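Take a look at the structure set out below.
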Amino acid sequence: MGKAGRFACILTPMILTVASLITVALLLAGGTKRSILPSFYYVRLDMRNLNVTEITQRNTTAKDLGLEDFYVSYLWNYCSGSIDDKANLWKIDNCSDTTSGFSFDIEKIVQKEANKAITFPEPVQKVQKAVNIVTKFMNACYVLGAIATAVTFLIGWFGLLSRWGSCVTTIFADLSFCFLFAASLCSSVLAYSLRGAYTKAFDAFGVEAVVGRRFITTTWVATIFSLGAAIFWMMSMCCCSGRKKKIMENQPGPTMVQHTGAGGYHRVSDPYGGAPSNTPLPYGAPKTTPGYEPMRHT
């Protein structure tokens, strides 16, 4: 098939690898600045109806405590802002510094900004403990998945040379899929667990949690792209060898009948391998074959 066929064979996994790398980059870059992909959060908390009556002995809202209207969590930081109810506009005003070990601990954030010891409902506290533990693992999986995807793209070009290159590329493609699948699973579980906890405590606490569907959709799209790339890289190990044409040219072909000159071929009755044949007798000469002797014994 040659190099052209080999290139066509690895084109599909290369495209899927690039698509996965781009979508993962969107997730990693989301929210690092106020203007950079602000909608790529995995959970958002609406604090406008916050009710901490049991703690302050009076009906206290988020504005009374000096809190923002909403808080959103990204992979490396969180942002907060105000809501224009008339225009239905959610405007981000502030973002925290990005840190590699970031965990969206909203209870600590609220206590720090309100400068008061506000205790969150028990269901929220239980989920928050899991969030603090799993978030670091989730972020590490996203980073490792992005690195493995980038390495897959770089060494994927060696797959153009031989199926051994595809073999090495497949290893990194499989690692990329495993990391991204784990990260997507963690982010989905955390986001929906937080939403469930705040929904359960909404009547008493008044905070509404919303899952960032754009983030969840993008992370699973990246995982699907990575899975497709891993499958096609594995398939490229089994077919479309760039050396096939050369190998076929070196193989011995069928033996051809040689010309004898003057455009003719050997007759079928011609001696095989140059062995001598019986010399034909002259016309009219008696036969030299022995006669029939029925009584002769050997």
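Scanning segment 59-96 for residues that are part of a loop (DSSP other than H, G, I, E, B), free of Cβ contacts under 8 Å to residues at least 12 places away in the same chain and in contact with a Ser or Thr (Cβ under 9 Å, 6 or more places away or on another chain) gives 59, 60, 64. When segment 154-188 is filtered for residues that are touching a Ser or Thr at 6+ places or on another chain (Cβ under 8 Å), of a type in the set (Phe, Trp, Tyr) and modelled with pLDDT of 95 or more, the ones remaining, listed by number, are 172, 177, 181.
Among residues that are surrounded by fewer than 17 Cβ atoms within 10 Å (Cβ to Cβ), part of a helix (DSSP H, G or I) and out of contact with any strand residue (DSSP E or B) (no Cβ under 6 Å at 6 or more places or on another chain), residue 154 is included.
Being among the small types (Gly, Ala, Ser), buried (at least 20 other Cβ atoms within 10 Å of the Cβ) and more than 30 Å from residue 197 (Cα to Cα) is true of residue 159.
If we scan segment 79-102, do we find a residue that is crowded, with 21+ Cβ neighbours inside 10 Å, of a type in the set (A, V, I, L, M) and more than 18 Å from residue 42 (Cβ to Cβ)? Scanning segment 79-102, I find no residue that is crowded, with 21+ Cβ neighbours inside 10 Å, of a type in the set (A, V, I, L, M) and more than 18 Å from residue 42 (Cβ to Cβ), so the answer is no. Cβ-Cβ contacts under 8 Å between residues 6 or more apart (or on different chains), taken from a first residue in segment 97-125 that is at positive phi to a second residue that is at pLDDT below 85, are listed as 115/66. In this structure, does residue 180 turn out to be in a loop (DSSP other than H, G, I, E, B) and in contact (Cβ under 8 Å) with a residue 24 or more places away in the chain? Against the criterion (in a loop (DSSP other than H, G, I, E, B) and in contact (Cβ under 8 Å) with a residue 24 or more places away in the chain), residue 180 does not qualify.
Taken over segment 187-210, the criterion of being closer than 18 Å to residue 40 by Cβ and either aromatic (Phe, Trp, Tyr) or buried (at least 19 other Cβ atoms within 10 Å of the Cβ) (or both) is satisfied by 187, 190, 191, 192, 194, 209.
Conditions tested, residue by residue: (1) at pLDDT below 95; (2) outside any helix (DSSP H, G or I).
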{"position": "113", "(1), (2)": "yes, no"}
{"position": "120", "(1), (2)": "yes, yes"}
{"position": "124", "(1), (2)": "yes, no"}
{"position": "131", "(1), (2)": "yes, no"}
{"position": "140", "(1), (2)": "no, no"}
{"position": "146", "(1), (2)": "no, no"}
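Of the helices (runs of 4 or more DSSP H) lying entirely inside segment 190-271, those containing at least 1 residues that are in contact with a Ser or Thr (Cβ under 6 Å, 6 or more places away or on another chain) and modelled with pLDDT of 90 or more span 213-236. Restricting 130, 150, 140 to those that are within 20 Å of residue 195 (Cα to Cα) and either free of Cβ contacts under 8 Å to residues at least 12 places away in the same chain or within 29 Å of the chain's Cα centre (by Cα) (or both) reduces the list to 130.
The values are calculated or read from the model by the stated rules, or taken from the named source; none is laboratory data. Predicted model, so just to flag it, every value in this text is computed and none were measured. We place every Cβ from the backbone using ideal geometry, glycine too, and count neighbours over all the protein chains shown.
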